[in-house]
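The values are calculated or read from the model by the stated rules, or taken from the named source; none is laboratory data. Worth saying up front: this structure is predicted, and the values here are computed from it rather than measured. Cβ placement follows ideal geometry from the backbone for every residue including glycine, while neighbour counts extend to all protein chains displayed. Please note that ligands, DNA and RNA were not included when accessible areas were found on the heavy atoms of the full protein model with its side chains. Shrake-Rupley method; radii C 1.70, N 1.55, O 1.52, S 1.80 Å.
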Amino acid sequence: MSPPANPAPHAAGATPRLRLLQSELPPVQALRAELAAGLVAPQAAIPPKYFYDDLGSRLFAAITALPEYTPTRTEAQIFARHAGDIAGAVGTATTFIDLGAGDCGKAARLFGALRPRQYVAVDISVDFLRTALQCLQREHPDLDILGIGQDFARGLALPGAVGDRRRLFFYPGSSIGNFAPDEAIVFLHRLRACGGADAQLLIGVDLIKDEAVLNAAYDDPLGVTAAFNRNVLRHVNRVLGTDFDVAQWKHVAFYDAAQTRIEMHLEASCDVTVRWPGGVRRFARGERIHTENSYKYRPETFAELLRAAGWNPAHIWLDERAWFALVHCRG
Ligand code: AVI
């Protein structure tokens, strides 16, 4: 963990209430090797973490405001309707660890009810996180805020500045759905291990529902999700030095009922040759690059997955259409 990247200004002698730490990010060579391996694989793939450059994070925020994208809105309804029960179950004075904090908006809406002792925001998109935390600190000047720039999907490493009492992991938005179920168990098991004896988890998951609703959520008529998907190619151009022409790639998203997941791909709209320093890949027209899976669950299957990862689901709240579940677990 490197020293504070950008401590907030504070009065001489006062304790800083906002600190931003940045973990050792993987060396660019490792990122390039990972991307090149994905591009030359028989089924080409780009890991979904490359969606979240600065523009990608903004496009994702726009997706969450779309009427077709149900997870965010439905989860917000559950929080609003059950705020008292959630606060009663979780309790106050936690070390509130927000995984994939983004603009920190979801967590901030709970501060009134949960009154955390410390707020720890972890996100891979450090610049976006810095801006969000600076705004948050102006709104909550007395809250102890710690930002951590980290790719926590590869394993969460919490620095000593994170409180070790009453750790509450907050993982909303069905981000768990972007892991395959076996990877999700490994990830949640690791969280359990770094939570301590009194760890808690508050996690949101998108549920299986009508296919038309699911398909519309990932292929909206304004094309915001298409822009989010295609923007990944610009990010890869910057990191790997590829010469992707975004205009040659079409957004494809569909629900696969057998695997209970949405798949997102980019499809070549003509024959395309992509080159980068040390590599080349030819794509025939219609060939695809797999960019994301988003798994959907039944509540009971998800509870089994949590148990397999060492967590005890204690409460589950659903919206009235059973489109989304919020689960509170103890360690
Ligand atoms: C971040 N994650 C939960 C989103 C999802 O629904 O799987 C990412 C996303 N991809 C397309 N739209 C949203």
Vicinal HN-Hα couplings computed from phi for region 30-38 (Karplus, 6.51 cos²θ - 1.76 cosθ + 1.60; Hz; Gly/Pro x): 5, 5, 5, 5, 5, 5, 5, 4, x
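Rounded to two decimals, what is the ratio between the C-alpha radius of gyration of region 207-275 and 2.2 N^0.38 Å?
My calculation over the Cα atoms of region 207-275 gives 1.27.
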Please compare each pair in LYS49/LYS296; LYS106/LYS250; LYS49/LYS209 to a cut-off of 24 Å on the Cα-Cα distance and tell me which ones are over it. LYS106/LYS250; LYS49/LYS209
For the chain, calculated [θ]222 nm from helices alone, where every DSSP H run of n ≥ 4 adds -39500 (n - 2.57): -10000 deg cm²/dmol
Using a 1.4 Å probe, how large is the accessible area of LYS49, given in Å² and rounded to the nearest 10? 50 Å²
Taking every eigenvalue of the Cα gyration tensor of region 178-302, multiplying by 5 and rooting it, what semi-axes result, largest first, whole Å? 32, 20, 12
Apply the Karplus curve 6.51 cos²θ - 1.76 cosθ + 1.60, θ = phi - 60°, to the phi angles in region 221-230 and return the couplings in whole Hz, x for Gly and Pro. x, 6, x, 5, 5, 4, 5, 4, 5, 6
Find the eigenvalues of the gyration tensor of the Cα atoms of region 93-228, then list the square roots of 5 times those eigenvalues as equivalent ellipsoid semi-axes, largest first, in whole angstrom. 27, 19, 14
Sort largest first and round to whole Å: the equivalent ellipsoid semi-axes of the chain, each the square root of five times a Cα gyration tensor eigenvalue. 33, 25, 18
Within region 127-184, which trypsin sites (Lys or Arg not before Pro) sit in a loop by DSSP and count at most 15 neighbouring Cβ atoms inside 10 Å? ARG165
Coil-residue GluC sites (Glu not before Pro) of region 264-331, DSSP, other Cβ within 10 Å capped at 13: GLU320
Using Cα pairs under 8 angstrom and six or more residues apart, how large is the relative contact order of the chain, in percent? 20 percent
Calculate how many DSSP beta bridges within the chain are antiparallel, expressed in % of all such bridges and rounded to the nearest 5. 55 percent
Taking region 42-157 as the region of interest, what is the percent of Cα-Cα pairs per 10 angstrom bin, listed from the shortest bin to the one with the maximum distance? 12, 38, 37, 10, 2, 0
